[in-house]
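Participant: Here it is, the structure in full.
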Amino acid sequence: MNTRDEPQMKLILPLLVAACLLTVVLAIGIGPVSVHPLTVAKIVLGKVSFLEAYIPVDWTRLDENIVWTLRLPRVLLGMIVGASLAVTGVAMQALVRNALADPFLLGVSSGAAAAATLGMLFGVFAFLGRYALPLSAFLGAAATITIVYAISRVKGKIHITQLLLSGVVAALIMDAITNIITLSAPNALGLHNAAFWMSGSLAGAQWGYLTVPLIVMVCCMTALLLLYRSLNALLLGDETAGTLGFNVGRLQKLLVLIASLLAGVTIAMSGAIGFVGLMVPHLTRILVGSNHKHVLPVSALLGGLLVVWTDVAARMVIAPQELPIGLLTSLIGGPFFIWLLKRRTKG
């Protein structure tokens, strides 16, 4: 590890954390009905039990509903989703040792879309109640990754090439199923809602939706940070990692489990928001190098910032209507990613 990275991280991490806190306050206030950042801060702090007595109530009930009920859960979900997608991208790129890997490489997004559209258009999962959409999407993602994992096992070990190929095939099959479902849609409104969800959106954010993705993200992030030396070794190749004393087979299975769990839960909450898991790890490595001890936390923070501000743009571009986030991340991220590649090539 380059010893120069440590002072750099001592500067970058606090700056990113401060940027995230500032982003939460500013992003909550931006919308068709704007709320002053100071009012946002007072409302949020006023909900903290030991600070409540010290915050004078000088805001309207409308402001409180906008900030606390509508926008704060949405912004926090954006932070969690962005962090999860970025961390999943880091894990997938280490697993397959391919810079083009992203969170949806194993077909989880296609499986989630097939199950979610089946539920939205035909009410198959209506018995799951208010959580029918995220639960059905997660079930579809879990079923797909289970099939891909079973196909990719060769003599008890994961064969990386077979894993990638089976992921591509599973995605194609699930996409075909999704197209059959949408072509059979009984009404245009349901078809529009399904298409909007599949393009990625935080519009359905609620406080009740935050707990599970937050717990999953924190647990998976912790596990990956504990394994950062193994991830660094894996980039050198399976044989080299094995020579250094790491159990490559067990590490690969763990990475598949972590990446699939993160991607499945994230897609269930927000739909498929593309390009974040591909672009953010690259940008992070330009900033802090390739050591996963640094790449993981910085990627998580950058991913959260990217998704939240993209969501703000999605809400404001054609307000009071909104665009799917996935469309904007691709439109903005694609050219930016090409610029980064050309910049690195010239360097």
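The values are calculated or read from the model by the stated rules, or taken from the named source; none is laboratory data. Model, not experiment: these values are computed from the prediction. Don't worry about glycine lacking a Cβ; one is built from the backbone with ideal geometry, like all the others, and counts go over all protein chains shown. With ligands, DNA and RNA removed, areas are computed over all heavy atoms of the protein, side chains included. Shrake-Rupley method; radii C 1.70, N 1.55, O 1.52, S 1.80 Å.
Participant: Filter the stretch 192-219 for residues that are under 24 Å from ALA171 (Cβ atoms), open to solvent by 40 Å² or more (accessible area, probe 1.4 Å) and polar (S, T, N, Q) and give the result.
Facilitator: ASN193
Participant: Looking at ALA205, ALA132 in this structure, which one is in contact with a Leu (Cβ under 7 Å, 6 or more places away or on another chain) and under 26 Å from ILE66 (Cα atoms)?
Facilitator: ALA205
Participant: If only one of THR222, THR182 is assigned to a helix (DSSP H, G or I), surrounded by fewer than 20 Cβ atoms within 10 Å (Cβ to Cβ) and free of Cβ contacts under 8 Å to residues at least 24 places away in the same chain, which one is it?
Facilitator: It is THR222.
Participant: Which ones in the stretch 39-59 are farther than 27 Å from MET269 by Cβ and out of contact with any helix residue (DSSP H, G or I) (no Cβ under 9 Å at 6 or more places or on another chain)?
Facilitator: LYS42, SER49, PHE50, ALA53, listed by residue number.
Participant: Among the residues of the stretch 331-342, is any in contact (Cβ under 8 Å) with a residue 60 or more places away in the chain, among the small types (Gly, Ala, Ser) and more than 23 Å from ALA115 (Cβ to Cβ)?
Facilitator: No, the conditions are met nowhere in the stretch 331-342.
Participant: Which of the numbered conditions does ALA171 fail, given that it passes all the others? Conditions: (1) among the small types (Gly, Ala, Ser); (2) open to solvent by less than 30 Å² (accessible area, probe 1.4 Å); (3) farther than 22 Å from LEU106 by Cα; (4) within 23 Å of the chain's Cα centre (by Cα).
Facilitator: (3)
Participant: Residues that are open to solvent by 20 Å² or more (accessible area, probe 1.4 Å) and farther than 20 Å from VAL280 by Cα: find the helices (runs of 4 or more DSSP H) completely inside the stretch 1-118 holding 3 or more of those.
Facilitator: 5-29, 37-46, 61-64
Participant: Residue by residue through the stretch 315-325, note down the ones that are touching a residue at least 40 places away in the same chain (Cβ under 8 Å), surrounded by fewer than 24 Cβ atoms within 10 Å (Cβ to Cβ) and in contact with a helix residue (DSSP H, G or I) (Cβ under 8 Å, 6 or more places away or on another chain).
Facilitator: GLU322, PRO324 - these are the residues of the stretch 315-325 that are touching a residue at least 40 places away in the same chain (Cβ under 8 Å), surrounded by fewer than 24 Cβ atoms within 10 Å (Cβ to Cβ) and in contact with a helix residue (DSSP H, G or I) (Cβ under 8 Å, 6 or more places away or on another chain).
Participant: Turning to a different aspect of this structure: Within the stretch 132-166, can you find the residues that are open to solvent by 60 Å² or more (accessible area, probe 1.4 Å) and assigned to a helix (DSSP H, G or I)?
Facilitator: Hits for the stretch 132-166 are LEU135, PHE138, LEU139, THR146, ILE147, TYR149, ALA150, ILE151, THR161, GLN162, LEU165.
Participant: Does the stretch 263-281 contain any residue that is open to solvent by 60 Å² or more (accessible area, probe 1.4 Å), in contact (Cβ under 8 Å) with a residue 60 or more places away in the chain and either assigned to a helix (DSSP H, G or I) or touching a Phe, Trp or Tyr at 6+ places or on another chain (Cβ under 8 Å) (or both)?
Facilitator: The answer is no, given that none of the residues of the stretch 263-281 is open to solvent by 60 Å² or more (accessible area, probe 1.4 Å), in contact (Cβ under 8 Å) with a residue 60 or more places away in the chain and either assigned to a helix (DSSP H, G or I) or touching a Phe, Trp or Tyr at 6+ places or on another chain (Cβ under 8 Å) (or both).
Participant: When the stretch 135-165 is examined, which residues are found to be closer than 22 Å to HIS192 by Cβ, out of contact with any Phe, Trp or Tyr (no Cβ under 7 Å at 6 or more places or on another chain) and not hydrophobic (A, V, I, L, M, F, W, C)?
Facilitator: Across the stretch 135-165, the qualifying residue is only GLY140.
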